[in-house]
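The values are calculated or read from the model by the stated rules, or taken from the named source; none is laboratory data. Given the structure is predicted, the values throughout are model-derived calculations rather than measurements. Because the Cβ atoms are built from the backbone with ideal geometry, glycine has one as well, and the counts that use them run over all protein chains shown. Surface areas here come from the heavy atoms of the whole protein model, side chains and all, with no ligands, DNA or RNA. Shrake-Rupley method; radii C 1.70, N 1.55, O 1.52, S 1.80 Å.
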Amino acid sequence: MAAPGETLRKRRRGGEDVPRAPPEEGERPPLARPPLRPGTFWLSRIVLLRCIALLYFVAFLVAYHQNKQLIGEKGLLPCKLYLQNVKRYFKGKINLDSLNYAPTIIWFLDWSDMDRNLDYLAGLGLGVSAYVLVTGCANMILMAILWILYLSLVNVGQIWYSFGWESQLLETGFLGIFLCPLWTLSRLPNYTPPSQIVIWGFRWLIFRIMLGAGLIKIRGDRCWRELTCMDYHYETQPVPSPLAYYMHRSPWWFHQSEALSNHFIKLVVPFFIFMGRRMCIIHGISQILFQVVLIISGNLSFLNWLTIVPSIACFDDTCLGFLFTSKEGCVKDQVLKIQAKQAAGQRLPLRYGCYVRKAVNVSFGLLITYLSIPVVLNLLNSGQVMNTSFNPLRIVNTYGAFGSITKERTEIIFQGTSSLDPNDPMAVWEEYEFKCKPGDLKRRPCLITPYHYRLDWLMWFAAFQTYEQNEWIIHLAGKLLASEEAALSLIAFNPFEGKAPPRWIRGEHFKYKFSQPGGKHASEGKWWIRKRIGPYFPPVNLQGLKKFYEARDWLYPKQN
């Protein structure tokens, strides 16, 4: 038996045990690599750019799949008509006033095929964002292209793009432009270290997002002050998730603790950003964990994913180093070498471009400060408004969500019939099923975040209003009467597939509630129970809608 110290360590190579000789006498063992030092953001920049690119990719994917049906040539609210109305309002000219009202590069494109324009914008956005996501490197030009493309879609998207996360993505993307060098495409551009001004721009963004969301709740629905809003939220949110079904039945004290935690996270924790590095890290961890809970308990588009992004700026390279390999020559190893040189007193060589870069960063900081003035005044105002832009480019905005909570859930259900007489009591009405919103009582709530079905989301809002306030509802009914393929792509189930189109379509209004887990309805496979309120819109047929379409310059659908 070998004496202690004489046993050779072994390693596996090609399936064989190969002896590994101990270090010779006097030979020094390899030195362990020093840890990353705090205070630099080289790795943080890579993570931020990839996260921004991921959210751009999702947003452009949604646009590519849905824009033609919503704002295309045959869309529910065609963007060509919208731009024509804007142009007409400004005396038929494309001038600074019209550009300021609706900043979009579509003004300068050929309008003869708007569907192609929308696809090109979304397709280019998908390609550029995929490149940044995969490689982790970008420059100001690529990030500016992404920002301009999405700004162009948002400003012709009308109500389909009217929500806070659109402006939030644009503001986050605008910050991302200044993270990068002008020309260089490298994950670690040696002469362009991440600017502390831009890092603080991200922190200022998450501070405003959370504080604005917290203040709008305290000033809004009294149930937030009474800690009872969470008794209703899971059931009445726009598109509930499967987890929401179970969380809705949590005991009252759990819902109260949720509301109290919400106030703490949004009204107290944001100030940790200004209390030094450790408290800033605690802020970042708290906000990310909070957003993860929101992600799994609801389908709020890519809002919560997007809110995680500026929180990443709370972490320096020391915190995020675990995300990167330590292999020789990789970016983490290169950052270690840069930090070693800085510790030895060496500085990055100054070039003419460095001075230009500093001037750009200072100008950027001054711009953000100036544009933040009305935003801060809005936060301090008792009449605070949420999700509002005070500049047409949406660079600095106000944010907030669920300032008030609906106590009951209502849904619009589209029904069609082949009967000649819609008033015939023997008429058989069959229901259309949307992609994700509640309809079929036995269909489990979906989980689609960060993807987003814009039509389903707007149906939730329309249920609180009348069809006269949402004329696109009748436009959709006409397209379903014609079995128009583009419109049907927004629907999960068409009861007339393979059959003749319906002769009549109507909208019925229902009150929806979660079934009781383990109760009678749940045992029958029902996730929901519902009660009819009454008609939402009366039965309509295609011929009867002709004048309605003509008055709005909508293309009259032809039956397939």
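Just to confirm the number: angle between the C-alpha axis of helix 79-89 and the first principal axis of the chain, 0 to 90 degrees, nearest 10?
Orientation of helix 79-89: about 80 degrees from the principal axis.
Provide, for q = 0.14, 0.18, 0.26 Å⁻¹, the log10 of I(q)/I(0) from a solvent-free Debye sum over equal Cα point scatterers in region 264-324.
For the requested q values the scattering log ratios are -0.41, -0.66, -1.09.
Separation between the Leu393 and Ala130 pseudo-spin-labels, each 7 Å from Cα along Cα→Cβ, expressed in nm?
3.0 nm
What figure in square angstrom, to the nearest 10, would you give for the accessible area of Lys546 with a 1.4 Å probe?
Roll a 1.4 Å probe over it and Lys546 shows about 90 Å².
Under the rule of at least 5 residues apart or a separate chain, name every residue whose amide H is placed under 5 Å from the amide H of Ala492.
Glu433, Phe434, Lys435
For every other residue with a beta carbon closer than 10 angstrom to the beta carbon of Leu455, add +1 if it is Lys or Arg and -1 if Asp or Glu, then tell me the sum. Intermediate results must be reported in sequence, preceding the final value.
On the way: positive: Lys435, Lys437, Arg454; negative: Asp456.
Surrounding charge for Leu455 is +2.
Once every Cα of region 433-513 carries one equal point scatterer and solvent is ignored, give the base-10 log of I(q)/I(0) from the Debye formula at q = 0.11, 0.21, 0.25 Å⁻¹, two decimals.
With no solvent term, the Cα-only Debye profile gives -0.31, -1.18, -1.51.
Kirkwood hydrodynamic radius (Cα pairs, Å) of the chain?
Numbers: mean 1/r = 0.0373 Å⁻¹.
One over the average 1/r among Cα pairs gives 26.8 Å for the chain.
May I ask you to order 162-173, 484-495 by the average number of other C-beta atoms within 10 Å around their residues, highest value first?
On the way: 162-173: 23.2, 484-495: 17.4.
Sorting 162-173, 484-495 by mean packing, highest first, produces 162-173, 484-495.
What is the sum of charges around Ser250, taking Lys and Arg as +1, Asp and Glu as -1, for the other residues whose C-beta is under 10 Å from the C-beta of Ser250?
Numbers: positive: Arg249; negative: Asp231, Glu258.
Every neighbour counted, the sum reads -1.
Calculate the length of the line joining the C-alpha centroid of region 446-489 to that of region 253-293, in whole Å.
Region 446-489 and region 253-293 have Cα centres spaced 36 Å from each other.
Calculated from DSSP H runs of 4 or more alone, at -39500 (n - 2.57) each and per residue, what is the 222 nm mean residue ellipticity of the chain, nearest 500? The partial results should precede the final answer.
Working: 21 runs with 264 residues, N = 560.
The helix contribution divided over the chain gives -15000 deg cm²/dmol.
May I ask for the distance between the Cα centers of region 93-122 and region 131-174, given as a whole number of Å?
A separation of 16 Å, based on Cα centres.
Compute the Cα gyration tensor for region 282-365, then decide on rounded, prolate or oblate, letting a ≥ b ≥ c be the square roots of its eigenvalues: rounded whenever a/c is under 1.5, prolate when a/b is larger than b/c in the other cases, and oblate in all that remain. Provide the component values of the computation, followed by the final result.
Numbers: a/c = 3.04, a/b = 1.64, b/c = 1.86.
Note, shape of region 282-365 comes out oblate.
Compute the signed sum of charges (Lys and Arg +1, Asp and Glu -1) over the other residues within less than 12 Å, Cβ to Cβ, of Glu497. Don't jump to the answer; show the numbers that get you there.
Working: positive: Lys499; negative: Glu430, Glu433, Glu485.
My count for the surroundings of Glu497 gives -2.
Pull out the extension gain between Ala340 and Ser363, defined as 0.36 nm times the separation in residues minus the alpha carbon to alpha carbon distance; nm, one decimal. Mind dumping the intermediate values first?
Working: separation 23, 0.36 × 23 = 8.28 nm, distance 3.06 nm.
In short, 5.2 nm is gained.
Under 5 Å between amide H atoms, partner at least 5 residues away or on a different chain: which partners does Phe163 have, H built in plane at 1.01 Å?
Long-range HN contacts for Phe163: none found.
What whole-number value in cubic angstrom gives the convex hull volume per residue for the C-alpha atoms of region 410-560?
Details: hull volume 20.0 nm³, N = 151.
Enclosed volume per residue, from the Cα hull, is 132 Å³.
At a Förster radius of 35 Å, what calculated FRET efficiency corresponds to the Cβ-Cβ distance of Cys330 and Asn95, to the nearest 0.05? Walk me through the intermediate numbers first.
On the way: r = 52 Å, r/R0 = 1.48.
Efficiency at R0 = 35 Å is approximately 0.10.
For region 67-110, what's the relative contact order in percent, using C-alpha pairs closer than 8 Å and at least 6 residues apart? Mind dumping the intermediate values first?
Values: 27 pairs, mean separation 8.8, N = 44.
It rounds to 20 percent for region 67-110.
Can you pull the percent of the chain's accessible area that's carbon plus sulfur, 1.4 Å probe, other chains left in place? Spell out each step's value before the answer.
Working: 16230 of 27030 Å².
It is 60 percent, rounded to a whole number.
Please say if region 85-222 is rounded, prolate or oblate, where rounded means a/c under 1.5 for a ≥ b ≥ c the square roots of the C-alpha gyration tensor eigenvalues, and otherwise the choice is prolate for a/b larger than b/c and oblate otherwise? Spell out each step's value before the answer.
Working: a/c = 2.09, a/b = 1.15, b/c = 1.82.
Verdict is oblate for region 85-222.
Taking a ≥ b ≥ c as the square roots of the eigenvalues of the Cα gyration tensor of region 230-310, is the shape rounded (a/c under 1.5), prolate (a/b larger than b/c) or oblate?
Working: a/c = 2.99, a/b = 1.65, b/c = 1.81.
Because a/c hits 1.5 or more and a/b fails to exceed b/c, region 230-310 counts as oblate.
Could you give the length gained on full extension between Gln559 and Met426, defined as 0.36 nm per residue of separation minus the Cα-Cα distance, in nm? Working shown, then result.
Values: separation 133, 0.36 × 133 = 47.88 nm, distance 2.53 nm.
Residue separation times 0.36 nm, minus the Cα-Cα distance, leaves 45.3 nm.
For the chain, give the magnitude of the charge dipole about the Cα centre (Cβ charges: +1 Lys/Arg, -1 Asp/Glu; no others), in debye to the nearest 20.
Charge dipole, the chain, about its Cα centre: 1160 debye, nearest 20.
Once the whole set of protein chains is in place, how much accessible area is left on Leu185, using a 1.4 Å probe, in Å² to the nearest 10?
80 Å²
Taking Cα atoms, how many degrees apart are the long axis of helix 472-481 and the longest axis of the chain, rounded to 10 and kept between 0 and 90?
With rounding to tens, the tilt is 70 degrees.
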